[in-house]
Amino acid sequence: MIVPIARLDRAALQALAFARSVSPTVKAVHISTSNTSAEEFRRRWEQLDTDIKLDIVVSPYRSLLAPLLKYIDAMGKPDDRPITVVLSEFVPRHWWEWLLHSQTAFRLKAALLFRPNTIVIDVPYHFEDTSNLTRRR
């Protein structure tokens, strides 16, 4: 299982936990824009105290999709077993907010749709409205 991680947030941790619950073999991959940001991400990753292996791909041209697809292609198995890609996806409270947020997960799903032997699993992360929480207390 491959879990692309853009940042270490609740959505990413939820996707990692799901992947780990399904398979003992999980790899996280982060696309970074520089060696400096890659090292900073690695330091934060090490603070998680997890046994999930992290691979970092440096893409200085701010390209995400092409380096990630190249990484997934490199992970291809010679025995034709499918590769599973677990995506964390932010789900906003309102449909119009969906239009405002980056559609990275949507573009990645569309690109992986035509890749043979690839399974894509969405792990939705629903934004919790903290203003409602304070009103309920």
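The values are calculated or read from the model by the stated rules, or taken from the named source; none is laboratory data. Quick caveat: nothing in here was measured; it's all calculated off a predicted structure. When we count neighbours, we look across all protein chains shown, and the Cβ atoms used for this are built from the backbone with ideal geometry, even at glycine.
Of all residues in region 31-43 being in contact (Cβ under 8 Å) with a residue 12 or more places away in the chain and outside any loop (DSSP other than H, G, I, E, B), which is surrounded by the most Cβ atoms within 10 Å (Cβ to Cβ)? That would be I31.
Listed here are the residues, each with its yes/no results for (1) not β-branched (V, I, T); (2) not in a helix (DSSP H, G or I).
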{"residue": "L13", "(1), (2)": "yes, no"}
{"residue": "A17", "(1), (2)": "yes, no"}
{"residue": "V29", "(1), (2)": "no, yes"}
{"residue": "W45", "(1), (2)": "yes, no"}
{"residue": "R62", "(1), (2)": "yes, yes"}
{"residue": "I72", "(1), (2)": "no, no"}
{"residue": "L87", "(1), (2)": "yes, yes"}
{"residue": "R93", "(1), (2)": "yes, yes"}
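Screening region 78-90 for residues that are more than 16 Å from the chain's Cα centre (by Cα) and touching a residue at least 24 places away in the same chain (Cβ under 8 Å) and picking the one that is surrounded by the most Cβ atoms within 10 Å (Cβ to Cβ) gives P82. Looking across region 53-67, just one residue is closer than 16 Å to T104 by Cα and touching a Pro at 6+ places or on another chain (Cβ under 6 Å), and that is S59. Evaluated against (1) within 14 Å of the chain's Cα centre (by Cα); (2) modelled with pLDDT of 95 or more, A105 falls short on exactly one condition, (2).
Only one entry in D51, D80 is out of contact with any His (no Cβ under 6 Å at 6 or more places or on another chain), among the charged types (D, E, K, R), at positive phi and not in a helix (DSSP H, G or I), namely D80. Taken over region 22-49, the residue count meeting the criterion of being closer than 11 Å to V3 by Cβ and in contact with a helix residue (DSSP H, G or I) (Cβ under 8 Å, 6 or more places away or on another chain) is 4.
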